[in-house]
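Presented below is the structure to which this report refers.
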Amino acid sequence: MLSSYQRLMDVLYIFAMWLAGIALLFMVAVIPIGIFARYVLNSALSWPEPIAIMCMVTFTFIGAAVAYRAGSHIMVAMVTDRLPPALKKFSALLADIMMLAISLFIFWYSLLLCSEMWHQPVAEFPLLTAGQTYLPLPIGSALTVLFIIEQIFAGPQGHRPVVQMGNSEA
């Protein structure tokens with residue numbers, strides 16, 4: 001059961017990594033277009049900034065889930081490194097439980113945000129609503145919840161080959 005859950009998390013991890021990377025790449029490509037149009041062509045475009053913001057929200061929330069699973073998120077280990085092994089394990093579990101609580105909080109309130117804004121149009125994109133543009137928040141926090149559950153039951157995943165993919169130390 002646990003190995004099939006980990007395989008599913010591997011698929012979600014790879015998908016999330018690609019989605020976050022494409023969002024970052026797209027944002028980096030769109031911003032210079034807006035700058036070029038504004039300052040060289042002297043004709044400001046209305047769409048580059050909102051697209052860049054949507055891409056930034058996407059790579060931030062989806063990328064945070066990826067970073068959590070890989071163990072490459074920000075953490076201060078000055079105190080925990082000096083603890084005995086039993087307390088290290090306990091503090092890691094406590095941190096996972098607190099992360100789970102925070103991620104569930106973000107998931108719930110971002111779902112409420114999306115539902116409240118679902119019918120509000122975005123002026124620059126008539127086909128999208130504001131609620132749709134905020135979907136990376138609940139999706140990213142749901143991924144984080146799934147990765148936290150995996151870490152609680154299977155331990156850190158940073159050592160696994162799928163997580164090490166592309167790592168220069170692998």
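Here are a few things to note about the model shown:
- Selection status of A44, under 30 Å from F105 (Cβ atoms), open to solvent by less than 70 Å² (accessible area, probe 1.4 Å) and not polar (S, T, N, Q): no
- Among residues of the range 14-36 that are open to solvent by 80 Å² or more (accessible area, probe 1.4 Å), none has a beta-carbon under 7 Å from a residue that is of a type in the set (D, E, K, R) at least six positions away or on a different chain.
Quick grid of which residues meet (1) of a type in the set (G, A, S); (2) under 26 Å from L2 (Cα atoms):
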{"position": "Y68", "(1), (2)": "no, yes"}
{"position": "G71", "(1), (2)": "yes, yes"}
{"position": "I74", "(1), (2)": "no, no"}
{"position": "P84", "(1), (2)": "no, no"}
{"position": "W118", "(1), (2)": "no, no"}
{"position": "F125", "(1), (2)": "no, no"}
{"position": "I152", "(1), (2)": "no, yes"}
{"position": "P161", "(1), (2)": "no, yes"}
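- Residue within the range 59-76 that is at pLDDT 90 or above, under 20 Å from the mean Cα position of the chain (by Cα) and more than 29 Å from P32 (Cβ to Cβ) present: yes
- At least 1 residues being under 17 Å from I14 (Cα atoms) is the threshold, and among the helices (runs of 4 or more DSSP H) wholly inside the range 62-170 those reaching it are 136-154, 161-164.
- Residue among G63, G155 that alone is surrounded by 14 or more Cβ atoms within 10 Å (Cβ to Cβ) and of a type in the set (G, A, S): G63
- In the range 75-131, residue nearest to G155 (Cα to Cα) [restricted to those that are of a type in the set (S, T, N, Q) and open to solvent by 60 Å² or more (accessible area, probe 1.4 Å)]: S115
- Cβ-Cβ distances below 9 Å connect the following pairs, each with a first residue in the range 46-58 that is over 13 Å from V122 (Cα atoms), a second residue that is basic (K, R), and a separation of six or more residues or different chains: P48/R38.
- Condition met for A142 (under 18 Å from the mean Cα position of the chain (by Cα) and in contact (Cβ under 8 Å) with a residue 24 or more places away in the chain): yes
The values are calculated or read from the model by the stated rules, or taken from the named source; none is laboratory data. None of the values given here were measured: they were computed from a predicted structure. Ideal geometry is used to build each Cβ from the backbone, glycine not excepted, and the neighbour counts take in all protein chains shown. Side chains included, ligands, DNA and RNA excluded: accessible areas come from the protein's heavy atoms. Shrake-Rupley method; radii C 1.70, N 1.55, O 1.52, S 1.80 Å.
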